[in-house]
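J.: Okay, here's the structure, questions in a sec.
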Amino acid sequence: MTAGRRAAGMVMTDAMADLLERFRDGQVPALARAISIVESERAGFQDLLHEVMARGPRAKRVGFTGPPGAGKSSLVAAAAATYRAAGEHIGVVAVDPTSPYSGGALLGDRIRMNDLATDAGIFIRSMATRGSLGGLATTTKEVADLMDGFGFDRLLVETVGVGQTELEITAAADTVVVVLVPESGDAIQAMKAGLMEIADVFVVNKADRPGSARLVKELRQALHLRAGSALKDIPAHHGVDLARIAKKEARNAAPPVSPADWAVPVLTTNALTQDGVPELLEAIDQHLTWLEHGGQLDVRRRDRARVRVRDVVARELSREAWKSEEVTAALDLGVDRISKGEETPYSVARGILASLLR
């Protein structure tokens with residue numbers, strides 16, 4: 001193996017350097033090959049990512065999340081087509097669930113976006129979760145970084161249908177669009193899922209169905225409650241001054257992120273008929289403008305970088321730990337001692353960590 005490049009203590013083989021050169025020349029097969037290398041974590045994938053990410057993030061990143069069947073894929077397809085018509089080059093990362101039996105995935109997102117696949121200005125990558133929680137696949141963020149480095153103007157990231165803990169999209173996107181449908185439940189369910197905290201834009205899709213107006217109203221009320229403005233005009237009940245309590249709670253609350261906080265809009269769409277889609281894309285652009293002008297875009301990207309560093313350190317430590325013969329031997333010995341009641345998993349783990357840190 002001949003070293004072709006060396007940077008920040010990293011070594012890149014000639015084959016990887018050749019791939020990087022074709023990648024930087026804008027060759028789509030090189031992008032697809034790079035994604036495959038990163039997804040399978042083949043030797044040298046860290047070096048490749050290091051070179052690609054050296055210039056920093058540039059693409060506008062928009063995440064779409066929500067429950068299964070909300071119409072996320074249809075909205076992403078509509079958004080991609082509209083952005084493409086405006087001359088932008090679009091990268092799409094769509095995550096599909098993995099079968100717990102076969103380990104495979106029906107890449108339905110690619111099927112739904114089939115009409116876009118022939119456009120040379122749109123690149124679609126479907127990914128299987130492969131058991132990963134959080135709404136994204138294990139390497140979704142890395143794939144988004146590759147697309148960013150390839151030069152796409154905008155990245156659209158669609159999560160698998162989320163539940164109450166699948167909120168990793170915040171670590172992959174600048175703007176998070178939460179897509180709901182009338183039958184997905186009321187706003188309380190959205191609050192339980194933590195979606196109130198991550199949503200930059202709410203969309204009630206399939207708005208022609210019964211119950212959409214009610215869901216919009218409930219979402220807006222829930223947003224007012226979160227902002228602490230729902231009680232300010234309510235008269236006292238049984239001698240309790242609710243307005244005074246609200247003011248006291250506001251004084252004790254954490255200071256706002258910026259002097260002019262983003263007011264999360266609640267919009268309605270019908271992706272199949274395109275109703276409301278222009279308004280949604282306008283809201284997304286308004287949020288990106290707010291991020292840039294208020295300095296929040298840099299804050300979010302710094303937070304993403306912090307999370308990524310933690311993820312990489314944890315992954316590499318785990319990789320180094322379990323390929324060590326000394327650690328493997330300590331684990332086997334520790335298991336024997338646990339079975340005899342002489343150790344616990346915590347004491348064995350503490351001993352392994354101590355040996356690694358030495």
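The values are calculated or read from the model by the stated rules, or taken from the named source; none is laboratory data. This structure is a prediction, so every number in the text was calculated from the model and none was measured. We place every Cβ from the backbone using ideal geometry, glycine too, and count neighbours over all the protein chains shown.
Every residue, every condition in (1) at pLDDT 95 or above; (2) not assigned by TED's automatic domain parsing to the domain that holds A213, yes or no:
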{"site": "A246", "(1), (2)": "no, no"}
{"site": "E249", "(1), (2)": "no, no"}
{"site": "A254", "(1), (2)": "no, no"}
{"site": "T273", "(1), (2)": "no, no"}
{"site": "E282", "(1), (2)": "yes, no"}
{"site": "D298", "(1), (2)": "no, yes"}
{"site": "A314", "(1), (2)": "no, yes"}
{"site": "A329", "(1), (2)": "no, yes"}
{"site": "G341", "(1), (2)": "no, yes"}
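J.: Kindly indicate the residue of segment 330-346 that is within 25 Å of E316 (Cβ to Cβ) and surrounded by 11 or more Cβ atoms within 10 Å (Cβ to Cβ) and also farthest from the chain's Cα centre (by Cα) among those meeting that condition.
T.: Looking at the filtered set, the residue picked out is L333.
J.: Let me ask something else. Determine whether L288 is surrounded by 13 or more Cβ atoms within 10 Å (Cβ to Cβ), closer than 30 Å to A199 by Cα, touching a strand residue (DSSP E or B) at 6+ places or on another chain (Cβ under 7 Å) and not small (G, A, S).
T.: Yes: the conditions hold for L288.
J.: Does V299 count as aliphatic (A, V, I, L, M) and exposed (fewer than 14 other Cβ atoms within 10 Å of the Cβ)?
T.: The answer is yes for V299.
J.: So, in segment 186-235, how many residues would count as being under 24 Å from the mean Cα position of the chain (by Cα), of a type in the set (V, I, T) and at pLDDT below 65?
T.: 1
J.: Of all residues being free of Cβ contacts under 8 Å to residues at least 40 places away in the same chain and among the small types (G, A, S) in segment 57-85, which is surrounded by the most Cβ atoms within 10 Å (Cβ to Cβ)? Just the residue, please.
T.: Here is the first cut: in segment 57-85, the ones free of Cβ contacts under 8 Å to residues at least 40 places away in the same chain are 81, 84-85.
Filter once more, keeping what is among the small types (G, A, S): 81, 85.
On the way: A81: 18, A85: 9.
Of everything passing the filter in segment 57-85, A81 is surrounded by the most Cβ atoms within 10 Å (Cβ to Cβ).
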